[in-house]
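Take a look at the structure set out below.
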Amino acid sequence: MQLLVELHPKSKIEKIKKEIEDLSQFDGYDIPDLPLGIPSVLPVSIASLARDKFEDKRIIINQRLLDVNELYVHGLSITAKAFNLEIAFTKGDKPKIGKEVGYLSSEDAVSIAKQYNIRSGMMLSLRKSKIEVQSRLEFTNADFFLGLNFSNVEELKSLVNMEKIIPYIIIKTERNKDILASISQPSISIEKVKNVITELEDIGVKSVLLSSPKDLDALRKIS
């Protein structure tokens with residue numbers, strides 16, 4: 001089982017480097033793009049720091065499509081190839097500053113990235129019906145799907161191409177439970193996470209993405 005961890009954008013380079021080092025026991029990183037549509041350090045800059053530190057780790061950068069056009073996706077794909085990165089495309093939240101571009105679909109963006117032989121994928125909400133989830137999984141150009149809103153292993157059973165899903169597991173602890181109560185995504189308690197990872201591996205899941213907002217210590221207990 002490949003354990004990936006979410007790197008949260010920080011405004012100071014030394015803090016970014018420290019978080020990369022603090023989470024170095026994991027197999028790779030996923031870097032979100034302008035969460036909530038708020039300006040922050042761009043994923044590719046954080047990824048370049050991580051790649052400079054680790055030549056062989058898996059690094060996935062997320063890319064919002066509300067903000068960019070085809071030219072940008074072509075340029076990002078060339079950049080991803082230069083730094084050995086993967087790209088996960090998402091529509092993204094409405095930007096807090098400026099107007100939306102937003103005419104590229106995730107399928108369009110993946111197809112552009114594949115022209116450069118970039119491993120690329122899309123978001124997949126596990127809240128949707130199994131029919132809707134299965135329909136999205138049938139987009140064969142995508143190498144992987146970040147499985148958002150994951151709450152239990154049963155959601156993935158019997159899905160064709162299920163091994164392409166990277167479940168996004170939000171870890172709940174005493175330190176962050178109040179923060180997580182304010183968002184609409186499910187979470188897994190720290191005590192149950194290792195068992196859930198084992199259950200996912202047993203049904204054929206190859207990778208998981210772990211996130212523990214405001215509690216990095218919890219992540220150190222998982223690896």
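The values are calculated or read from the model by the stated rules, or taken from the named source; none is laboratory data. These figures come from a predicted structure and were not determined experimentally. All Cβ positions, even for glycine, are placed from backbone atoms using ideal geometry, and neighbour counts span all protein chains on display. With ligands, DNA and RNA removed, areas are computed over all heavy atoms of the protein, side chains included. Shrake-Rupley method; radii C 1.70, N 1.55, O 1.52, S 1.80 Å.
Quick one: net charge around Leu66, please, counting Lys, Arg +1 and Asp, Glu -1 for every other residue with C-beta under 9 Å from its C-beta. Each step should come with its number before you reach the end.
Details: positive: Arg64, Lys91, Lys94; negative: Asp67, Asp93, Glu100.
Taking every other residue near Leu66 into account, the sum is 0.
Under the classification rounded if a/c is under 1.5, otherwise prolate if a/b is larger than b/c and oblate if not, where does the range 1-42 fall, given a ≥ b ≥ c as square roots of the Cα gyration tensor eigenvalues? Because a/c hits 1.5 or more and a/b fails to exceed b/c, the range 1-42 counts as oblate.
Shape of the range 63-154 from its Cα gyration tensor (a ≥ b ≥ c, root eigenvalues): rounded if a/c is under 1.5, otherwise prolate when a/b > b/c, or oblate?
On the way: a/c = 2.04, a/b = 1.32, b/c = 1.54.
Oblate shape, in that a/c is at least 1.5 and b/c is the bigger or equal ratio.
The 3J(HN,Hα) values that the Karplus relation (6.51, -1.76, 1.60; θ = phi - 60°) gives for the range 159-171 are, in residue order, 7, 6, 6, 4, 5, 7, 7, 10, x, 9, 9, 8, 9 Hz. Gly and Pro appear as x. A full extension of the chain between Tyr103 and Asn141 corresponds to an added length of 11.8 nm, given 0.36 nm per residue minus the alpha carbon distance. Overall, the accessible surface of the range 2-218 at a probe of 1.4 angstrom is composed of carbon and sulfur to the extent of 52 percent. Amide H contacts of Val5 (H built 1.01 Å from N, in plane; Pro and chain starts excluded): Gly28, Tyr29, Asp30, Leu210 sit under 5 Å, all sequence-distant by 5 or more or on other chains.
Rounded to the nearest 5, what % of DSSP beta bridges with both residues in the chain are antiparallel? Walk me through the intermediate numbers first.
Working: 0 of 32 bridges.
Counting only bridges with both partners in the chain, antiparallel ones make up about 0 percent.
The residues of the chain present an accessible area of 50 Å² per residue when probed at 1.4 Å with all protein chains retained.
Anything over 28 Å Cα to Cα? Flag those among Lys12/Lys53; Lys94/Lys157; Lys81/Lys192; Lys91/Lys164; Lys94/Lys221; Lys114/Lys192, in the order listed.
On the way: Lys12/Lys53 17 Å; Lys94/Lys157 33 Å; Lys81/Lys192 37 Å; Lys91/Lys164 20 Å; Lys94/Lys221 35 Å; Lys114/Lys192 37 Å.
Beyond 28 Å between Cα atoms: Lys94/Lys157; Lys81/Lys192; Lys94/Lys221; Lys114/Lys192.
Mind putting a number on the dipole of the chain about its Cα centre? Charges go on the C-beta only, +1 for Lys and Arg and -1 for Asp and Glu, and I need it in Debye to the nearest 20.
It works out to roughly 400 debye.
Both radii are taken from the alpha-carbon atoms of the chain; with Rh as the Kirkwood radius, Rg/Rh is 0.94.
Each of Gly102, Ile38, Ser77 was placed along the dipole of the chain (beta-carbon charges, centred on the mean Cα), and the one lying farthest toward the positive end is Ile38.
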